[in-house]
Amino acid sequence: MGHADTLLAMGGAFVAAAVLARLGRRIGLPTIPLFMLAGILLGPHTPGLVLVRDAHDFEMLSALGLVLLLFYLGLEFQLDDLRSGGRRLLAAGGVYLLLNVGAGLGFGFALGWGLREALVLSGVLGISSSAIVTKVLVDSGRIGRPETRLILGVTVVEDIFLALYLAALQPVISGAEGMGETILQAAKAFGFLLVLAIAARYGTRLIGRLIAVRDNELLVISFLGAAILVAGVSEVLGVVDAIGAFMVGLILAGTPSGPRIRRLVHPLRDAFAAIFFLAFGLAINPADLLSVAGPVAAAVALTVAMNVIAGLFAARLYRYGPEPTANIATTLLGRGEFALILAAMAATAGLDGRLAPFIASYVLVLAVLGPILAGRAHLLARLLEATRAVLPRRGDRPPERPEPPEPREPADDEPADDEAAEPSGAAARSGPR
């Protein structure tokens with residue numbers, strides 16, 4: 001594209017994303033599937049206006065969006081949420097991952113698309129979207145409910161799993177030759193993560209002094225440079241670039257400048273993340289979506305079933321009744337940004353071409369269906385009430401009601417008259433996850 005064409009495409013992409021996002025807010029839909037839909041409608045595979053003819057034209061902007069997404073997630077990561085939850089939270093989160101990731105792996109093998117494809121699908125079906133989870137909690141007014149702390153704790157467990165999963169997956173799907181090379185690449189990836197984890201644990205005081213500056217402009221340049229540089233080093237060492245950015249966010253979150261960085265990176269994250277989702281949609285041919293309609297329907301049904309089972313397990317663990325169980329099962333249904341990250345990795349690695357349209361359809365369906373089912377969780381609660389043998393009785397000791405998360409300042413992208421406070425800690429991830 002020429003210079004003028006590039007500017008027109010970028011400007012049009014941002015405007016289209018903004019218009020669809022505003023429409024989505026009016027009908028209660030999350031922005032992630034709408035950004036993807038904008039890319040599909042304005043891409044070269046759809047009749048009508050073609051804004052961008054080649055998704056690769058947005059490749060660098062898309063990569064920056066991915067880096068900023070994970071950087072922000074690292075800033076919002078709260079290890080204290082995991083520590084305060086104790087063994088019960090680890091058990092609940094572990095069972096949630098075991099059921100969903102295991103079901104995804106089995107589903108991948110059942111499709112017969114290949115081993116590497118099955119490993120990708122295990123992550124796609126296994127990890128929920130904290131952006132959609134948080135939106136559902138805020139919009140439904142459930143922030144102060146007892147089960148909300150558990151729901152947010154599960155997303156923290158998912159974050160830990162995600163970093164390890166991506167580090168292990170990268171050498172496998174990149175086509176490493178032989179077991180020795182695969183082990184070597186995985187060792188480099190985990191070694192690099194270990195170095196960054198040590199820096200996060202013991203180096204925050206020194207790093208805080210190095211990055212501390214009063215001027216916001218210099219602070220933005222500093223943390224962006226650090227995130228992008230470490231992301232590049234990660235890519236060189238065979239680790240997903242975004243995981244390096246995640247670890248930088250985790251390190252900076254423990255510094256005195258952490259709250260300022262979180263506030264300053266927020267609009268950058270939203271803008272470039274929108275381009276990431278839109279660029280993904282540009283590469284999708286709507287005709288391919290129909291070819292995977294059957295597997296997508298089966299995957300959605302499987303995900304709903306696994307979430308209900310995981311919700312039942314958490315209910316017995318925490319002695320919750322039917323209503324909290326239904327809330328847990330439906331709130332964690334949404335799948336979003338990490339599924340698309342995996343789709344982008346699969347496309348780069350040259351895996352089965354059916355993966356991208358499958359993941360796009362799966363994310364679109366669950367990103368819309370999840371909030372709808374969460375709004376009708378009372379119907380599932382009635383069904384569970386009718387089968388009370390699997391849940392605690394009314395006479396059982398009720399669960400201790402935790403203190404609701406402390407409210408924090410509304411995010412920059414929230415309307416000024418929106419009184420729904422954004423939760424702290426893990427719940428603060430109102431942006432795309």
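With the simple spin-label model, which puts each label point 7 Å out from Cα in the Cβ direction, the residue 179 to residue 88 separation comes to 4.3 nm.
Applying 1/(1 + (r/R0)^6) with r as the Cβ-Cβ distance of residue 216 and residue 53 and R0 = 30 angstrom yields a FRET efficiency of 0.20. For residue 319 and residue 172, the FRET efficiency from 1/(1 + (r/R0)^6), where r spans their Cβ atoms and R0 equals 41 Å, is about 0.55. When the alpha carbon gyration tensor of the stretch 301-383 is reduced to an equivalent ellipsoid, the three semi-axes, largest first, read 30, 13, 9 Å.
All of the numbers you see were taken from the coordinates with simple rules; none came from a lab. Only a predicted model underlies this, so the values are computations on that prediction, with no experimental measurement involved. FYI the Cβ positions are ideal-geometry reconstructions off the backbone, even for glycines, and counts take in every protein chain you see.
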